[in-house]
C-alpha cells in the first residue's frame with residue numbers, strides 16, 4: 001500500500017513538474033501584442049497577415065494579438081507596464097510613447113538597427129521616435145490630411161470645392177441646414193469631434209490654427225501661443241462652433257459615420273477616413289480633394305517598439321517581427337490594404353492608385369506637412385502633451401461658453417503652457 | 001493523540017477557531033484585493049513619483065503631493081463638484097425612491113409589474129445606461145432636446161455636454177435614474193416591516209395621511225434610510241463610469257469629481273503620486289461621511 005502510495009505521489013509530482021515546464025516553455029514562445037487596431041477593417045487585416053508570416057517563419061512561436069479600445073489604451077498599457085507584465089510588442093500612439101520611454105520601459109532600438117545595418121535615413125517621421133538620444137520606436141505612420149466631401153450636397157447647392165479657408169467657411173455656412181424646419185439641423189457643413197479626449201479635441205482644431213500661421217511652440221520648444229496668428233486661428237474655431245457649422249459634442253467615430261451617411265458636406269481627416277467612406281451609405285456620393293487649409297495637418301500617428309524588460313531571446317523575436325513590418329513588402333501592403341502612406345523611403349508604391357485612387361494626394365499632403373515641420377505633438381511639450389492638451393481644451397471651451405475674446409484667451413494659455421512646461 | 005486534541009474544533013475552548021477558519025478566506029481575499037492596494041496607494045501618495053512599476057525602489061518620503069493638492073484650485077473645485085453631486089443625487093434618489101416605494105407599497109392592480117418596472121434601472125448595467133443617456137442628451141440629435149423643442153421650452157438644441165450647468169444636471173439625472181431603484185427596494189422592505197397596527201391606531205386617533213407619514217412611516221424608516229443614504233453617498237463618491245462616458249469631467253471641470261480627478265492625474269498626466277494623494281483624501285472624506293451618517297441613523301430611528 002505504502003509502495004503504491006509512493007508511486008502515485010511520484011507520478012503526480014512528475015506530472016505537475018512536466019506540466020509546469022510545458023507551461024513555461026509555451027509562455028516563452030508566446031509574444032503578447034496589444035493594439036487598438038486589432039479588428040480594424042483595413043489595418044487589422046494587415047497586422048494579422050504580418051503575424052501569420054512571422055509565425056510561419058518561427059515555428060513554435062505564436063503572437064497573441066489582443067484588441068484594447070483606443071479610449072482605454074493608455075490606461076491599459078500603463079497598468080501592464082506598471083504591473084511588470086508589459087506586452088512584448090509595444091504599439092503606442094506617437095503622443096504617448098514618450099512617458100514610457102522616459103521611464104526606461106522601452107528598449108533602445110539603436111543596437112538592433114546597427115546589428116542588421118538598417119539605415120533609417122528618409123524614414124518618414126522617424127526623428128519623432130528619438131528620445132533621450134536613443135531610438136525608442138519605429139514610426140509606423142506619418143500622415144497628411146485630406147478633405148473628403150459630398151458631391152451631391154455640393155451639386156445641389158451649386159458650390160465649388162473650396163481651396164482656401166474663406167471658401168471653406170462659405171461652403172460650410174451654405175450647406176448647414178435644417179432640412180425639415182423642425183428646429184434641428186439635419187445637415188452640417190463640416191464636422192469635428194468636440195467630445196471626449198483632449199488630444200483629439202486639439203487635433204481637430206489644429207488645421208485652422210496652422211492655416212492661420214499659428215504654432216503651439218517654435219522649433220526650439222518655446223511656447224508661442226500669444227501671437228496674432230493664434231488669435232486668428234482660435235477665432236476661426238470659435239466661428240465654426242458659434243455658428244453650429246459642426247455637430248456639437250460628438251466623438252470622432254460618430255462624426256465620420258455622419259459624413260459617410262451623407263449628413264455632412266465636408267470632413268477634414270487623415271487616410272483612415274477612406275475605408276469608412278467606401279463602406280458608408282452614400283459611398284458613391286463621396287469624393288476626396290486636397291485640403292483647403294495650408295499647411296495641411298499631418299505628422300506622426302503611431303509607433304512600434306519593444307518592452308525593455310523582456311528576455312534577450314524574446315527581444316530577438318520581437319525584432320524579427322518589427323523587421324517584417326519594416327520590410328518593403330509590408331510597407332507596400334500598408335498602402336494597398338490600409339490606404340496609408342508608408343513611412344519607408346524604399347517602399348514600392350507604384351500602382352497603389354488602383355486600390356487607393358487618392359494615394360498621390362496623401363503623399364503630397366504628407367510631404368507638404370513634413371516640409372512645414374507640422375506635427376500634432378508640439379516640440380518641447382512631448383512629455384507634458386496630455387496635460388497641455390487638457391489645458392488647451394478647457395481654455396478653448398471656456399472661450400466658446402463664456403464668449404471670450406481670443407486675444408485674452410491666448411494670454412492665459414501662454415502662461416499656463418509655460419507653467420506646465422516648467423513643472424516637469 | 002495529542003495532535004488530535006490540537007485540531008479538535010468541537011472542544012468548547014477551541015470553538016472560536018472554527019469561526020476564524022471560516023472567515024479566513026474572506027479576510028485574505030479582502031487583504032489582497034483591498035488592503036494591499038490601499039497600503040500601496042497611501043505609500044505612493046508620500047512619494048514624488050510619476051509612472052510607477054511594482055517592485056521599483058521606493059522614492060524618498062515627501063509631503064509635496066499633499067502640499068500641491070491643498071493649494072490647487074482644481075482640487076477644491078473637484079471637492080465642490082463632488083459635494084454638489086452627492087447632495088443632488090442623494091436627495092434626488094431619496095425623493096424618487098421613497099415616492100415610488102410608497103406608491104408600489106399600496107395595493108392596486110398591476111402592482112407586481114409596477115415593482116418590476118421600478119427596479120429595472122438597477123438591473124441595467126451602468127455602461128449601457130450611460131450610453132442610452134448619452135444618446136438622450138446628445139447635443140445635435142438628442143431626444144431630450146427634441147422633446148424640449150416640441151414642448152416649446154427651447155427653440156434650438158441644448159448643448160447638454162458643452163454647457164457646465166446642463167452637463168452637471170445631465171450627469172445628476174443619469175445617476176438618479178440609476179440609483180433610485182436601490183432606495184426604492186430598501187425602503188419598500190422597510191415599509192413592509194412597519195406593523196399595520198400603528199396605522200390603524202393613528203387612524204382611530206384621527207391622524208391624516210400626512211401625519212401618519214410624518215409620525216409613523218418616516219421614523220420607522222429612519223434606520224433603513226440611514227444605511228441607504230450612506231450606501232448611495234458612497235456610490236456617488238466612487239462612481240466613475242457615468243461621468244467618464246457622459247462628459248469626461250467637462251466642460252470646464254463642471255463634472256470633474258474626485259474620482260475623475262484621480263483618474264486624470266494617474267492615467268492622463270501619469271502623476272501617480274499626486275493621484276494617490278487625491279485617492280487617499282477621497283477615502284478619508286468617505287470614511288468621515290459614513291461615520292457621520294451611520295452615527296446619526298440609529299439615533300434618529302430610535
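The values are calculated or read from the model by the stated rules, or taken from the named source; none is laboratory data. This one's a predicted model, so the numbers in the text were calculated from it and none came from an experiment. Methodologically, a virtual Cβ is constructed for each residue, glycine included, from the backbone with ideal geometry; neighbour enumeration extends over all protein chains shown.
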TODO: Within segment B:30-50, identify whether any single residue is exposed (fewer than 15 other Cβ atoms within 10 Å of the Cβ), in a helix (DSSP H, G or I) and in contact with a helix residue (DSSP H, G or I) (Cβ under 6 Å, 6 or more places away or on another chain), and answer yes or no.
DONE: yes
Open item on the list: Whether any residue in segment A:175-183 is part of a loop (DSSP other than H, G, I, E, B), away from every other protein chain (no Cβ under 14 Å) and either in contact with a strand residue (DSSP E or B) (Cβ under 7 Å, 6 or more places away or on another chain) or farther than 22 Å from residue A:369 by Cα (or both) is what I want to check.
Closed with: no
TODO: Being surrounded by fewer than 14 Cβ atoms within 10 Å (Cβ to Cβ) and under 21 Å from the mean Cα position of the chain (by Cα) is the filter here, so list the residues in segment A:99-126 that pass it.
DONE: A:122
- [ ] Within segment A:389-422, count every residue that is more than 10 Å from every other protein chain (Cβ to nearest Cβ) and not in a helix (DSSP H, G or I).
- [x] 3
- [ ] With a cut-off of at least 1 residues that are touching a strand residue (DSSP E or B) at 6+ places or on another chain (Cβ under 9 Å) and either in contact (Cβ under 8 Å) with a residue 40 or more places away in the chain or surrounded by 14 or more Cβ atoms within 10 Å (Cβ to Cβ) (or both), name the helices (runs of 4 or more DSSP H) lying wholly within segment B:191-302.
- [x] B:272-301
Open item on the list: Among the residues of segment A:324-383, what is the count of those that are without any contact (Cβ under 8 Å) to a residue 12 or more places away in the chain and assigned to a helix (DSSP H, G or I)?
Closed with: 4
Task: Conditions (1) closer than 30 Å to residue A:85 by Cβ; (2) modelled with pLDDT of 95 or more; (3) away from chain A (no Cβ under 14 Å); number of the one not met by residue B:63 - done: (1)
TODO: Return a yes/no flag: does segment A:320-332 have any residue that is assigned by TED's automatic domain parsing to the domain that holds residue A:55 and under 30 Å from residue A:284 (Cβ atoms).
DONE: yes
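Here's the yes/no breakdown for (1) surrounded by 15 or more Cβ atoms within 10 Å (Cβ to Cβ); (2) farther than 27 Å from residue B:248 by Cα; (3) assigned by TED's automatic domain parsing to the domain that holds residue A:322; (4) modelled with pLDDT of 95 or more:
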{"site": "A:54", "(1), (2), (3), (4)": "yes, yes, yes, yes"}
{"site": "A:78", "(1), (2), (3), (4)": "yes, no, yes, no"}
{"site": "A:84", "(1), (2), (3), (4)": "no, yes, yes, no"}
{"site": "A:94", "(1), (2), (3), (4)": "yes, no, yes, no"}
{"site": "A:97", "(1), (2), (3), (4)": "yes, no, yes, no"}
- [ ] Can you work out which of the residues in segment B:156-187 that are within 14 Å of chain A (Cβ to nearest Cβ) and outside any loop (DSSP other than H, G, I, E, B) is surrounded by the most Cβ atoms within 10 Å (Cβ to Cβ)?
- [x] B:171
Open item on the list: When you scan segment A:116-126, do you find a residue that is within 14 Å of chain B (Cβ to nearest Cβ) and closer than 18 Å to residue A:382 by Cα, even just one?
Closed with: no
Open item on the list: If I filter segment A:204-257 down to residues being within 24 Å of the chain's Cα centre (by Cα) and on the phi > 0 side of the Ramachandran plot, which single residue comes out as farthest from the other protein chains (Cβ to nearest Cβ)?
Closed with: A:213
- [ ] State whether the residues of segment B:137-155 include one that is within 20 Å of residue B:85 (Cα to Cα) and modelled with pLDDT of 90 or more.
- [x] yes
Task: Flag if residue B:26 is more than 24 Å from residue B:250 (Cα to Cα) and either touching a strand residue (DSSP E or B) at 6+ places or on another chain (Cβ under 9 Å) or in a loop (DSSP other than H, G, I, E, B) (or both) - done: no
